[in-house]
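The structure appears below as structure tokens.
The values are calculated or read from the model by the stated rules, or taken from the named source; none is laboratory data. From a predicted model like this one, the values you see are computed outputs, not experimental measurements. Cβ: placed from backbone, ideal geometry, glycine included. Neighbour counts: every protein chain shown.
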Amino acid sequence: MSKQEILVIDDEAQIRKLLEITLRNNDYKVVEAATATEGLLLAASHPPDLILLDIGLPDENGLEVLKKLRQWYNKPIIILSVQNDEENIIKALDSDASDYLTKPFRTGELLARIRAFIRNSDTPQETSTITFGNLCIDFKTRLVKKDKETLKLTATEYALLCLLIKNEGRVLTHQYILNQVWGPAQADQSQSLRVFIAQLRKKIENDANNPELIITESRVGYRFVSPT
Amino acid sequence: MEKALLNKLPKAKQYLYGIFSVIIVAAICYFLSAYLGYKIVALVLLFTVSVLAMFLDIFPVLVVALLSALIWDFFFIPPTFNLLISNTEDGLMFLMYFIIAMVNAALNYKTRQWEKIARKREEKRNTLSLYNTLLNSLSHELRTPISTIIGATDNLKADKAKLQEEDKDVLVSEISKAALRLNGHVENLLNMSRLESGVVKPIRDWCDINELAYDVKHKLKEYSANHNIKINVQENLPLFKIDAGLITQSIYNLVYNALIYTPANGTITITAFKQDKNLVITVEDTGNGFPENEKENVFEKFYRLKNSRTGGTGLGLSIVKGFVGAHYGTILLENVKTGGAKFTIIIPAEASATNSLKNE
């Protein structure tokens, strides 16, 4: 199998160098672009398997670049942003960015994000059961078991869990979850969302106060991760 | 102090008070005119104008001076009840009265301007010494991790072969620690400048305080190896509409502070409950508390306790105060009976009706 190709669009040479080394040593092929113009050109001439896109580019706002890319490019785009910039992160996710990373990021985090997408685009989920640690979900029978004991989930809790699992490893914004589970008419249910997440955690997590499956992304949304 | 207070009077009130005082004094003089010569009255009126000049702005004083001259002429200089002046001596006196009143007003105003400038200079000097303190502690705080990174990488580059594996590991982990420490300082500095420039606007959304407290505990794992962090959130505490990012950072800073200054094996307790329409969060430690005479100052930017050891930028607590203030909340500091310090954050916030939805 040929190596997956990742396009890095970031104006900082140091960050590009770091990403290049990290990704190359994890068996990805890396293409670099220092400006938005260069990035758009490279993406068009030879579409990569995934794009890492910095929001703060010198020649054009990363959000605009994202919108241009999304007109034709439908593979994963991960946004690189800085902390305290949730507003732009949410805007990017609403403009169909696949995920985000805040600088400074840890290498493990970066690779986990990339893996979540490359794996999912590789092997479409056809299995009817899926296991995370001591948690097992059977989509056919709609049964959720923890340590072989069947959990009593309400319809909403089950829908919420399925949505999170289907997007394992990816961040889902509050708004997106609300639209998917409650429907667009119920978009102001953000209070219920918090409560349902707390209830779901009590049922599926080993310690609801130290969640290992449903991770909160402060001010942005939630992410389901496979326990290590 | 008093001057500064009166200076803040709105212009309209300054005119009102000035004119009113002159009329009252003139009226008293008028009733006593049987005993007072009109020349004495001039001195009394001049005195009144001088006193007013100490408190009022230049234009109100000039108006008062003009008014008093006219009153003196009209009511006191014979022939009274008109503005006529019958002899040269009185004419000269009126002219001199007018000039003295005006000069008086102008001089007083000037003196006050000088005072203002002197005060500003003093303030500037204070700010300057504050910034020197800041630069000292900050440059220490920034340079230590930078030195570590440079030194460690130099070592790794130069002595690849000679260094023992375990030493390499130590150097690498020191680099990583130093970078995290730098990141923390930069975070604080950026937060401070966001607060200073007034761009901190809380984005309130429903927030599970229990989750937030455990999040802080989790983030501080690396620093709390020698301490115990206890979380004590009121049973069935409702959700609150707050800015999760800002309040998490606030609790983080308080707990971090407590971890740094509480002797090993101490306990830091985070408590949260609802009181009236407020969310109350407290962070209490088992350290030595704060010196009574410095408790007031700890929230000031760059303030560091007189006897505090090196480390810290003096920004953490002032950021907490800023973030809590952005929520229209308050923060209090007290020393508890057992000796430790206790910070209490009180935030007015909308609370959810309940935190559990039994029926869907």
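For the range B:202-246, filtered to residues that are within 8 Å of chain A (Cβ to nearest Cβ) and part of a loop (DSSP other than H, G, I, E, B), the residue that is surrounded by the most Cβ atoms within 10 Å (Cβ to Cβ) is B:L239.
Taken over the range B:319-355, residues that are outside any strand (DSSP E or B), buried (at least 16 other Cβ atoms within 10 Å of the Cβ) and of a type in the set (D, E, K, R) amount to 1.
Quick check on my filter: what residues within the range A:219-228 are touching a residue at least 24 places away in the same chain (Cβ under 8 Å) and part of a loop (DSSP other than H, G, I, E, B)? First the steps, then the outcome.
To start, the set of residues in the range A:219-228 that are touching a residue at least 24 places away in the same chain (Cβ under 8 Å) comprises A:219-227.
Scanning the range A:219-228 gives A:R219, A:V220, A:V225, A:S226, A:P227.
Inside the range A:92-115, residues that are under 29 Å from B:L182 (Cβ atoms), of a type in the set (G, A, S) and without any contact (Cβ under 8 Å) to a residue 60 or more places away in the chain make up a count of 3.
Residues in the range A:86-108 that are within 14 Å of chain B (Cβ to nearest Cβ) and either outside any strand (DSSP E or B) or over 14 Å from the mean Cα position of the chain (by Cα) (or both): A:E86, A:E87, A:N88, A:I89, A:I90, A:K91, A:K103, A:P104, A:F105, A:R106, A:T107, A:G108.
The numbered conditions (1) without any contact (Cβ under 8 Å) to a residue 40 or more places away in the chain; (2) closer than 30 Å to A:A198 by Cα; (3) within 14 Å of chain A (Cβ to nearest Cβ) are all true for B:V199 except (2). Any idea how many residues of the range B:59-68 are under 37 Å from the mean Cα position of the chain (by Cα), surrounded by fewer than 23 Cβ atoms within 10 Å (Cβ to Cβ) and more than 15 Å from B:V103 (Cβ to Cβ)? Residues in the range B:59-68 being under 37 Å from the mean Cα position of the chain (by Cα), surrounded by fewer than 23 Cβ atoms within 10 Å (Cβ to Cβ) and more than 15 Å from B:V103 (Cβ to Cβ): 1 in total.
Listed by first and then second residue, the pairs with beta-carbon distance under 9 Å, at least 6 apart or on different chains, first residue in the range B:217-233 and outside the structural domain of B:L180 (by TED's automatic domain parsing) and farther than 15 Å from B:Q249 by Cβ, second among the acidic types (D, E) and surrounded by 11 or more Cβ atoms within 10 Å (Cβ to Cβ), are B:H227/B:D285.
Here A:Y176 clears all of (1) away from chain B (no Cβ under 14 Å); (2) assigned to a strand (DSSP E or B) except the condition numbered (2).
When every residue of the range A:151-163 is checked against the conditions, at least one turns out to be outside the structural domain of A:Y100 (by TED's automatic domain parsing), closer than 26 Å to A:E87 by Cβ and surrounded by 19 or more Cβ atoms within 10 Å (Cβ to Cβ). Condition first: of a type in the set (V, I, T), more than 14 Å from chain B (Cβ to nearest Cβ) and outside any helix (DSSP H, G or I). Can you find one or more residues in the range A:111-126 that meet it? Checking the range A:111-126: at least one residue is of a type in the set (V, I, T), more than 14 Å from chain B (Cβ to nearest Cβ) and outside any helix (DSSP H, G or I). Got at least one residue in the range A:207-218 being within 16 Å of A:L153 (Cα to Cα), assigned to a helix (DSSP H, G or I), touching a strand residue (DSSP E or B) at 6+ places or on another chain (Cβ under 7 Å) and modelled with pLDDT of 90 or more? Checking the range A:207-218: not a single residue is within 16 Å of A:L153 (Cα to Cα), assigned to a helix (DSSP H, G or I), touching a strand residue (DSSP E or B) at 6+ places or on another chain (Cβ under 7 Å) and modelled with pLDDT of 90 or more.
With the requirement that a residue be without any contact (Cβ under 8 Å) to a residue 40 or more places away in the chain and surrounded by fewer than 19 Cβ atoms within 10 Å (Cβ to Cβ), what does the range B:45-58 give you? Those that are without any contact (Cβ under 8 Å) to a residue 40 or more places away in the chain and surrounded by fewer than 19 Cβ atoms within 10 Å (Cβ to Cβ): B:F47, B:V51. Scanning the range A:177-204 for residues being basic (K, R) and at pLDDT below 90 gives a total of 0. Could you please give the count of residues in the range B:289-337 that are touching a strand residue (DSSP E or B) at 6+ places or on another chain (Cβ under 8 Å) and either aliphatic (A, V, I, L, M) or at pLDDT below 90 (or both)? Matching residues across the range B:289-337 total 12. Name the single residue that is farthest from the other protein chains (Cβ to nearest Cβ) among those in the range A:68-85 being surrounded by fewer than 19 Cβ atoms within 10 Å (Cβ to Cβ) and not in a loop (DSSP other than H, G, I, E, B). Taking the candidates together, the pick is A:K68. Among all positions in the range A:193-203, there is at least one residue which is surrounded by 19 or more Cβ atoms within 10 Å (Cβ to Cβ), more than 9 Å from every other protein chain (Cβ to nearest Cβ) and in contact (Cβ under 8 Å) with a residue 24 or more places away in the chain. Checking each residue in the range A:142-166 for being within 14 Å of another protein chain (Cβ to nearest Cβ) and either small (G, A, S) or within 20 Å of A:Y222 (Cα to Cα) (or both) picks out A:L153, A:T154, A:A155, A:T156, A:E157, A:Y158, A:A159, A:L160. In the condition set (1) within 12 Å of chain B (Cβ to nearest Cβ); (2) touching a residue at least 60 places away in the same chain (Cβ under 8 Å); (3) under 14 Å from the mean Cα position of the chain (by Cα), A:I215 is compliant with all but (2).
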